[in-house]
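Notes follow once the structure below has been shown.
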Amino acid sequence: MADSVLLDGPPLPEFKGRPGWEFTDLTGLDFAAYDAAPAAEGGSPVLEVPGRETDPDGAVVLSLADARELHPDVVDRYLGTVVSSDDPFVARNDAAWEGGLFVWVPRGAQVAAPIARDVAVAPGTAVSHRTLIVLEEGAKAEVWEQYLGTGDGDALLNAVTEIVVGPNATLRYVGAQGLSEQAWIFGTQRAVVDRDGELDWAALGFGSARGKVRMETQLRGPGASAKVTGAYAGHARQHLDFDTTQEHAAPNTTSDLAFRGVLNGRATAVWRGMIRVDPGAQQTDAFQESRNLLLSKRAHADAIPGLEIEANDVRCTHAAAIAQVDKEQVFYLMSRGLRRDQATRLVIDGFLQALVERFPAGPVHDAVSAALERRLETVLGV
């Protein structure tokens, strides 16, 4: 039985009873059904991290629990300031997280190697994981974080990630999720980017049975920019839910978000995206898109872009598309000598490659491309 502290907090949202939760049914979710546990060890990584380091020069990388003891000034200044404790999942995380991840890059430090951490969840357990990443002015770093399952079976991950990108700082954050396909996942991830800061955020969603991942960026300083790239691939009866927000809170800010998903079997997915432009955030340039490829007649996807604009000198655009594999493209490739399965795979690869090309040639490009190739083997059952 889970510790009682894990159960405390505001009521959980009701299916179809609260905006943003219309597509994800929480029936059967019971925090008390799991043993509260710290992150486990093991699990198969989704991404192969090049030059993986746990304690690179120029950065302080600790468990968040240790950081509270060793760097209380930094932790107290930032922890809980990026996400709202009124949120029911954040509140439960506040009360129950253990260990966690703390990355602090002091002013002007340039971290050459990627900082990598894996968070594994064992069957029958509930893990409340907390991440705090702080880059001070002029700092530069790359952080890879993966949520993994140690085996098949029901489990629950409630993760909260807070990211602070200081003035003129640059962060690449790569997150991947490969939990058991019987597990719940709830992710509350939010980043704030200060003046002239840059955030390059990549997210892969492969595992879990149900849940919701919320990814929010707030561009709160003039000249701040964020690029967010997401990919997911589901099969069987998986349900994947992503809720993204690009908030422009200052003038002359830029955001670019693209998600692509591939679904087979009876898998379902929903992406809901919001571009929010606050009063006074003139010269905003924002784009978002979601494209889904359905590989079976029973797969289903919903793509819901949105705009909330309170400034009058902006450029905000969005696009959404849901389609099955183009029969004419398959026919054309078959006419050139390919078998049907080869032609279909080539069309799918081309669909996902357009997303991979958002990354410049290098380690992230190659790691994401390889991860998608491996996941497609599972989704296609080959």
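Using the per-residue mean of other Cβ atoms lying within 10 Å as a proxy for protection, in what order, highest first, do the peptides 113-126, 21-34 fall? Before the final figure, lay out each step's value.
On the way: 113-126: 21.1, 21-34: 15.0.
The densest-packed peptide leads the list: 113-126, 21-34.
Just from the alpha-carbon atoms, what are the Rg and Dmax of the stretch 126-244 in angstroms?
15.0, 46
Gaussian network model of the chain, Cα springs within a sub-10 Å range: biggest mean-square fluctuation belongs to which of Met274, Met215, Met334?
Met334
Pick from Pro19, Pro363, Pro88 the residue whose mean-square fluctuation is largest in a GNM of the chain, springs joining Cα atoms under 10 Å.
Judging by the Gaussian network model, the answer is Pro19.
Rounded to whole Hz and in sequence order, give me ³J(HN,Hα) for the stretch 158-163 from the Karplus expression 6.51 cos²θ - 1.76 cosθ + 1.60, θ = phi - 60°, writing x for Gly and Pro.
Here the 3J(HN,Hα) series is 10, 10, 10, 10, 10, 10 Hz.
Checking the cross-link filter: which aspartates and glutamates have an alpha carbon closer than 18 Å to that of Lys327, excluding same-chain neighbours under 8 positions apart?
Asp341, Asp349
How large is the charge dipole for the chain, taken about the Cα centre, if only the Cβ atoms of Lys, Arg (+1) and Asp, Glu (-1) carry charge, to the nearest 20 debye?
Numbers: 35 positive and 53 negative charges, 308 e Å.
Dipole magnitude for the chain comes out near 1480 debye.
What net charge is computed for the residues neighbouring Val347, neighbours being all others with C-beta under 15 Å from the C-beta of Val347, Lys and Arg scored +1, Asp and Glu -1? Numbers along the way, then the final one.
Working: positive: Arg260, Arg291, Lys327, Arg336, Arg339, Arg340, Arg345; negative: Asp326, Glu328, Asp341, Asp349, Glu373.
After counting each charged neighbour, the total is +2.
Please tell me the relative contact order of the chain in percent, rounded to the nearest whole number, where contacts are Cα pairs under 8 Å and at least six residues apart. If you can, show how the numbers build up before the last one.
Details: 1052 pairs, mean separation 41.3, N = 382.
Worked out over the chain, it gives 11 percent.
Bear in mind these aren't lab numbers, they're just calculated from the coordinates by the rules spelled out. Just so it is clear, the structure is predicted and the values come from calculations on it, not from any experiment. A quick note on method: Cβ atoms are made from the backbone with ideal geometry, for glycine too, and the neighbour counts reach across all protein chains shown.
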